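Before any comments, here is the structure.
The values are calculated or read from the model by the stated rules, or taken from the named source; none is laboratory data. Predicted model, so just to flag it, every value in this text is computed and none were measured. Positions of Cβ are generated from backbone atoms using ideal geometry, with glycine treated the same way; all protein chains shown enter the neighbour counts. All accessible areas refer to the heavy atoms of the entire protein, side chains included, with ligands and DNA or RNA removed. Shrake-Rupley method; radii C 1.70, N 1.55, O 1.52, S 1.80 Å.
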Amino acid sequence: MRYVSPTILAIESSCDETSASVIKNGKVLNNIIASQNIHQKYGGVVPELASRAHQKNILVVVEQALTQAGVKSDQLDAIGFTRGPGLMGALMVGVSFAKGMALGLNIPLIEVNHMHAHMLAHFIQKENHDKPAPSFPFICLTVSGGHTQIILVNDYLNFTILGQTQDDAVGEAFDKGAKMLGLPYPGGPLIDQNARDGNPMRFSFPVTTMDGYDFSFSGIKTALLYFIRDKVKDNPGFVQENMNDICASYQSALISMLMIKIRKAVHEFNIRDVALAGGVAANSALRNALKAEGKQNGWHVYIPDFEYCTDNAAMIAITAHYKFLKGEFCNLDVTPVASFSDL
Ligand code: KG4
Ligand code: ZN
């Protein structure tokens with residue numbers, strides 16, 4: 001009877017956020033996140049430093065999640081954790097912790113694919129707060145720092161990846177573009193912020209498309225590099241003087257590349273429900289572009305709350321919940337997997 005409404009602890013440690021969440025009866029009770037600011041001075045995530053910070057944070061974060069939820073460890077029915085994709089050392093910390101806890105409590109383990117979890121962030125429900133969720137099948141554009149995927153989601157545990165990036169992720173295109181402009185890491189949110197006061201039509205960057213549903217962002221990144229190099233030759237202050245317009249124009253081209261594939265998928269699969277997920281779903285211009293196009297075409301658009309766009313354990317918890325209901329558990333000899341294609 002207890003299993004009809006499981007209580008699950010979920011752990012996320014794939015990159016630079018250590019996070020834990022408790023879910024009970026399908027309601028997320030909390031979402032504790034310890035962010036790692038240490039990487040900022042290096043201009044990107046340093047894997048070894050990420051692993052060490054996870055080790056330092058994980059016990060505190062898990063204890064806080066359980067205490068705040070008012071759940072004792074012996075009341076847990078399962079432990080969910082991110083198996084991958086992500087940084088191997090970072091994943092190792094979460095996987096080992098989850099295994100240790102499941103073994104100690106003699107409860108099942110549930111492995112979660114981090115990208116699957118980003119998609120299911122739309123189904124996170126809190127106590128006394130039900131948010132409308134997409135209906136199946138829907139199209140989900142998952143855009144993060146490491147991945148860019150367009151997915152046909154048929155059910156909670158059944159989805160088809162229609163296309164993905166063949167080189168950089170769109171989050172990387174934001175972050176690397178920001179670095180070229182002299183902005184600190186992670187630069188995605190700063191491009192977003194500067195672009196709000198900029199003219200997206202001022203400069204032109206190439207909107208390239210690939211066959212089918214795949215993406216490529218390396219060309220536009222190189223275009224920005226050459227653009228800056230040429231402009232700075234004549235005017236060393238060019239970037240500072242035109243920062244907002246450069247950010248707005250570069251961002252606008254990136255968004256166009258994403259919107260082309262969404263339109264194509266909606267049309268081909270005759271879909272009404274369209275969703276955004278992943279860290280780049282926090283981008284205000286992308287959110288606005290999708291909402292505006294949805295309004296124009298009668299699509300139902302779903303975008304998770306900011307807290308659930310970037311990496312968090314609540315999305316791992318909701319995915320673990322649906323896997324629990326289907327009895328999808330894993331063995332204690334499970335190992336972390338760095339690459340999405342190996343999962
Ligand atoms: O999903 P996420 O938290 O981590 C990964 O799984 O990669 O995504 C992080 C990415 C970073 O590239 C960050 O710059 C980007 O999301 N990001 C944004 C914004 N907020 C976060 N990019 C553009 N505009 C934003 N507002
Ligand atoms: Zn992520």
Query raised in the report: In percent, what relative contact order does the chain have, based on Cα pairs under 8 Å that are 6 or more apart in sequence?
Result: 24 percent
Requested in this report: For the range 43-109 and the range 178-208, write down the distance between their C-alpha centroids in whole Å.
Outcome: 35 Å
Report summary line: Taking placed amide H atoms and a strict 5 Å upper bound, the residues 5 or more places from residue 302 or on another chain that come that close are 274, 275, 276
Report summary line: Of the convex hull drawn through the C-alpha atoms of the range 109-178, the volume per residue in Å³ is 130 Å³
Report summary line: The extension gain from residue 207 to residue 103, computed as 0.36 nm times the residue separation minus the Cα-Cα distance, is 32.4 nm
Query raised in the report: Roughly speaking, to the nearest percent, how much of the chain's 1.4 Å accessible area is carbon and sulfur?
Result: 50 percent
Query raised in the report: About the Cα centre of the range 300-343, what is the dipole size in debye to 20, counting +1 per Lys and Arg Cβ and -1 per Asp and Glu Cβ, all else neutral?
Result: 180 debye
**Report entry** Computed label-point distance, nm, for sites residue 52 and residue 272 using a 7 Å Cα→Cβ extension
**Finding:** 5.4 nm
Query - 5 Å-binned pair-distance histogram of the range 252-322 (Cα, whole percent) - result: 3, 15, 25, 22, 17, 12, 5, 0
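Report the antiparallel proportion of the DSSP beta bridges in the chain as a percent, rounded to a multiple of 5.
Of all bridge pairs located within the chain, approximately 60 percent are antiparallel.
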Report summary line: The answer for the chain, accessible area per residue at 1.4 Å probe in Å², is 44 Å²
Query raised in the report: Looking at the P(r) of the range 220-343, how many percent of alpha-carbon pairs lie beyond 18 Å?
Result: 70 percent
Query raised in the report: Which distance in Å, rounded to a whole number, links the C-alpha centroids of the range 259-279 and the range 287-306?
Result: 10 Å
Query - Shape parameters for the chain, alpha-carbon atoms, Rg then Dmax in Å - result: 20.5, 73
Query raised in the report: Which residue, chosen from 53, 225, 120, occupies the Cα position most advanced towards the positive end of the dipole of the chain, where the dipole is computed from +1 (Lys, Arg) and -1 (Asp, Glu) charges on Cβ about the Cα centre?
Result: 120
Report summary line: GNM of the chain, Cα pairs under 10 angstrom: of 151, 318, 38, the biggest fluctuation goes to 38
Report task. Kindly provide the helix-only [θ] at 222 nm of the chain, computed as the sum of -39,500 (n - 2.57) over DSSP H runs of four or more divided by all residues, to the nearest 500 deg cm²/dmol? Result -> -13500 deg cm²/dmol
Report summary line: Per its Cα gyration tensor (rounded if a/c is under 1.5, else prolate when a/b beats b/c, else oblate), the range 60-135 is best filed as oblate
Query raised in the report: Of 254, 109, 49, which has the largest mean-square fluctuation in a 10 Å C-alpha GNM of the chain?
Result: 49
